[in-house]
Amino acid sequence: MHFTSEQRLDDGVLEREFTLGEIPGILWTPTSASAPAPLILLGHPGGLHKMYPRLVARARHAAAEGFAAATIELPGSGERPRWPAAEQARADLRRALEAGEPVDDEIIDALILPLVEQAAPEWRGALDVVLSLPEIGGPVGYSGGVISLGIRLAVVEPRISAAVLFAGSFVPRAMFEEARQVTIPLHVLLQWDDEGNDRQAALDLFDALGTKEKTLHANLGGHTGVPQFAGDAAAQFLTRHLK
């Protein structure tokens, strides 16, 4: 890990940008912590600069509860090298949505499956490095999207104790079988009127999740309209399971 910048936010949170090889990321730590802080991995749909306002708001909320938070850029997003196949899949997805046509499995698989295959090991590698810092301890939670990446990490990463999953991205059929292998507590956020999400697929995925402790928190509104009380409930879920 190579730290590239550092700033103290006005609420006392220390924000440090870093790189892991070619992968940029951001780490937020509460400066008031007297012991190594539990960690929340902040998932997102890609584009750290574009997503920064929402990510830093979530990180500040986490820090107020005594958590550190970290995130990294997704493959093919932000300043990372382009993925021609993924960009073609995105273009096919946009055309289908603009035409009001169903999004077929081939497009979804081409867009999501390669992303999960590359991103999951990268997030696990970032977790290795972040947990080696003296100010960071366990346990670890995951919060955010892409939901298929969150499911993969919940299955393969034993250090993640609980997860908040954002149901706002298309899900390959192959991920439904993987979802049945999840055993950690889950809190799933679903925006009922999300224009870019297949609501029935999200409900089917929730049904497929194998854990014995899962909560679905559904609210009216579009993709970015998650109400504050829903975010607060998700934060309370992580506090309950990680402290």
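Residue pairs whose Cβ atoms lie under 7 Å apart, separated by 6 or more positions or on different chains, with the first residue in the range 138-158 and within 11 Å of L42 (Cα to Cα) and the second part of a strand (DSSP E or B) and of a type in the set (F, W, Y), are G144/F166; G145/F166; G150/Y142. Taking every residue in the range 167-180 that is within 16 Å of G196 (Cβ to Cβ) and pairing it with any residue that is small (G, A, S) and modelled with pLDDT of 95 or more, at least 6 positions away or on another chain, the pairs with Cβ-Cβ distances below 6 Å are V171/S148.
Taking the condition part of a helix (DSSP H, G or I), of a type in the set (S, T, Y) and under 23 Å from P24 (Cα atoms), does S148 pass? Judged against the criteria, S148 is a match. Of all residues in the range 114-137, exactly one satisfies the criterion of being within 10 Å of L39 (Cβ to Cβ), of a type in the set (V, I, T) and within 18 Å of the chain's Cα centre (by Cα), namely V130.
Looking only at residues in the range 97-107 that are within 13 Å of D198 (Cα to Cα) and not charged (D, E, K, R), the one that is farthest from the chain's Cα centre (by Cα) is G100. From the list L203, L165, the one residue that fits, being closer than 18 Å to I108 by Cα and either part of a helix (DSSP H, G or I) or not polar (S, T, N, Q) (or both), is L203. When the residues of the range 206-243 are filtered to those that are of a type in the set (K, R) and not in a loop (DSSP other than H, G, I, E, B), the one that is nearest to V140 (Cα to Cα) is R240. Each residue in the range 182-202 was checked for being loosely packed, with under 15 Cβ neighbours inside 10 Å and farther than 13 Å from A167 by Cβ, and 2 pass. Note on the range 191-231: residues that are charged (D, E, K, R) and modelled with pLDDT of 90 or more total 5.
The values are calculated or read from the model by the stated rules, or taken from the named source; none is laboratory data. Predicted model only: the values in this text are computed from it and were never measured. Neighbour counts run over all protein chains shown; Cβ positions are idealised from the backbone, glycine included.
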